[in-house]
Amino acid sequence: RAFAYDPSSAPGSPHARAVAVLDANWTGTSTVPSRGLYPHQWSWDSAFIAIGLRHVAPLRAQTELETLLAAQWGDGRVPHIVFHPSVPLDAYFPSPDFWRSTTAGRAAGAPRTVQTSGIVQPPVHALAAWLVHRADPALSRARGFLARVYPRLAAWHRYLLHRRDLGGGGLVSVVHPWEQGMDNSPCWDAPLSRVAPAPARSFRRADLAHGAPEDRPTDLDYGRYVRLAADYRDGEYRDGRGAFAVEDPSFNALLAVSEHALARIARELGATGTARHARAERLTAALVERLWDPAYGQFLCRDVLTGEAVPERGVTGLVPLLLPGLPREVARALVGTLTGPHFGLGTRTRLVPSHDLLGEAFDPHRYWRGPAWFNTGWLLERGLRLHGERARADALRTAVLELAAASDFAEYVDPYTGEACGATGFGWTAALTLDLLH
Ligand code: 9WN
């Protein structure tokens with residue numbers, strides 16, 4: 001066997017190499033996704049990173065989440081980036097001066113002592129906090145970890161459910177592709193086409209210094225990202241319908257899963273979790289009602305401005321497989337789609353592609369337009385296991401572990417060949433490897 005999945009820390013083992021990546025990316029209070037490309041703290045990266053770190057450094061895992069939540073805004077939003085003050089401004093674009101969080105975000109209660117972005121990312125944090133607690137309950141209780149993070153996580157979910165239900169149907173909308181986390185997914189092409197791009201000369205991308213241009217979003221994409229973010233900032237981060245609002249399956253499924261986790265945290269703290277479990281089930285029902293498409297056999301995004309479903313098969317539409325309360329026929333259809341011709345898992349592809357293999361927009365190397373990512377692989381592995389698909393879950397686990405180690409913990413890989421794309425030594429790839437090894 002090429003890989004013996006021994007969680008021992010023998011030098012040179014995938015386990016030891018994954019730990020070394022997380023050590024190298026640790027800044028003292030949090031972990032960067034990648035030293036070169038992403039030299040600050042990212043919101044959903046930190047949640048995934050904490051999930052892996054808990055097995056080898058539970059105190060660091062707790063600290064990771066505490067650092068992120070310390071940057072929470074008064075209105076409850078958890079920013080998608082927390083900037084490290086010692087990193088040069090030009091190391092990443094958009095830099096803190098673009099977001100002007102401490103001035104433009106004042107009405108929404110941006111923190112005064114730390115600089116952040118003003119948009120959000122998927123709410124994986126309550127799930128992460130619960131898993132981190134379970135890895136070392138004695139340490140967690142001794143530090144009062146859950147008691148400290150619970151009110152912040154509750155405020156975070158409250159913000160999303162109350163300020164971001166822009167479609168009025170009980171689901172959260174994202175107002176920027178960076179919020180959903182799959183930046184240049186073809187799912188955004190139609191909703192983004194209405195956004196007038198900011199002129200290319202008005203900003204300077206930093207990502208191209210670290211990533212191949214053909215693996216990254218285009219300049220036109222960036223022009224639109226900049227316009228949307230600048231308009232949100234100039235409106236002082238008030239929530240309402242801007243030029244882009246989309247109900248996304250993965251974002252909402254992660255919120256529902258995290259709401260279940262928050263219910264467990266509440267119970268551990270001596271309260272009752274019943275209302276939270278019920279809310280998670282309502283979110284699940286709203287997802288099925290509003291975004292499930294039986295003809296596609298998967299969930300679709302909904303463009304809130306037109307009220308129409310987006311007819312693109314993104315991996316986002318499979319992630320709700322994570323939900324325990326999914327109707328059985330929906331779960332069965334999702335497994336069929338995952339393993340069928342559009343995603344090819346176990347037949348044409350080694351890991352789950354980020355987009356429809358048969359779609360016109362598919363590109364095996366360009367970021368979220370086709371390559372396989374390790375966080376979605378990890379989420380779908382859990383979903384398969386939850387719904388009794390043990391053999392498929394085992395095979396996906398093996399593929400994630402093999403490709404993560406063989407690609408030097410790449411940010412994403414070609415879904416056919418496993419060739420590394422983007423950054424290597426990427427935080428959540430290493431962390432989720434550790435989680436699957438334990
Ligand atoms: C913008 C950090 C982040 C991930 C996202 C991924 C990428 C940023 C970028 O990197 O987005 O937030 O500069 O492209 O798309 O999912 O959280 O790893």
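No value in this document is a laboratory result; all are computed from the given coordinates. Computed from a predicted model, the values in this text were never measured in an experiment. So basically every Cβ, Gly included, is an ideal-geometry build from the backbone, and we count neighbours across all protein chains shown.
Quick one: among ALA135, ALA406, ALA271, which has the greatest mean-square fluctuation in a GNM of the chain with alpha-carbon springs under 10 angstrom?
Taking springs between Cα atoms under 10 Å, the residue moving most is ALA271.
Amide H to amide H under 5 Å from TYR412: which residues, 5+ apart in sequence or cross-chain, H placed 1.01 Å off N in plane?
Result for TYR412 returns CYS421, ALA423.
I'd like the distance separating the alpha-carbon centroids of region 258-297 and region 384-438, in whole Å.
Here the two parts' Cα centres lie 27 Å apart.
Taking amide H atoms as placed 1.01 Å from N in the peptide plane, list the residues 5 or more away in sequence, or in a different chain, whose amide H sits under 5 Å from that of GLN298.
ASP293
State the answer as a single residue: which of SER173, TYR232, PRO191 lies farthest towards the positive end of the charge dipole of region 171-260, with beta carbon charges of +1 for Lys and Arg and -1 for Asp and Glu, about the Cα centre.
Looking along the dipole axis, the top candidate is TYR232.
Just subtract the alpha-carbon distance of ARG348 and PHE98 from 0.36 nm times their residue separation and send over the number in nm, one decimal. Don't skip to the end; give the middle numbers.
Working: separation 250, 0.36 × 250 = 90.00 nm, distance 4.26 nm.
Roughly 85.7 nm would be gained on extension.
How big is the dipole moment of region 266-388 about its Cα centre under a simple scheme where the beta carbon of each Lys and Arg is +1, that of each Asp and Glu is -1, and everything else is neutral? Debye, nearest 20, please.
On the way: 15 positive and 12 negative charges, 89 e Å.
About 420 debye.
Order these peptides, 123-130, 184-191, by their mean beta-carbon neighbour count within 10 angstrom, highest first. Numbers along the way, then the final one.
Numbers: 123-130: 27.1, 184-191: 22.5.
Put in order of decreasing packing, that is 123-130, 184-191.
Using a 10 Å Cβ count of at most 16 others and DSSP loop calls, identify the longest part of the chain lacking such GluC sites (Glu not before Pro).
On the way: sites that count: GLU236, GLU360, GLU419.
With a cap of 16 other Cβ atoms within 10 Å, the longest stretch comes to 1-235.
At GLU289 and ASP394, where each label point lies 7 Å from the Cα along Cα→Cβ, what is the point-to-point distance in nanometres?
Output for this residue pair reads 4.0 nm.
Using unit Cβ charges (K, R positive; D, E negative) and no other charged atoms, how large, in debye to the nearest 20, is the dipole of region 154-257 about its Cα centre?
Values: 13 positive and 15 negative charges, 72 e Å.
Magnitude of the dipole: close to 340 debye.
For ALA245, list long-range residues whose amide hydrogen, built 1.01 Å from N in the peptide plane, is under 5 Å from its own amide hydrogen.
VAL304, LEU305
In region 48-155, what trypsin sites (Lys or Arg not before Pro) fall in a loop by DSSP, with at most 15 other Cβ atoms inside 10 Å?
ARG106, ARG112
About the Cα centre of the chain, what is the dipole size in debye to 20, counting +1 per Lys and Arg Cβ and -1 per Asp and Glu Cβ, all else neutral?
The calculated dipole for the chain is roughly 1220 debye.
Using each residue's phi in region 258-273, evaluate 6.51 cos²θ - 1.76 cosθ + 1.60 at θ = phi - 60° and report the 3J(HN,Hα) Karplus result to the nearest Hz, with x for Gly and Pro.
5, 5, 4, 5, 5, 4, 5, 5, 4, 5, 4, 8, x, 9, 9, x
What list of ³J(HN,Hα) couplings, whole Hz, do you get for region 413-429 from phi and the Karplus terms 6.51, -1.76, 1.60, once you set θ to phi - 60° and write x for glycine and proline?
Listing the rounded values in order: 9, 4, x, 8, 9, x, 4, 6, 10, x, 7, 10, x, 8, x, 6, 5 Hz.
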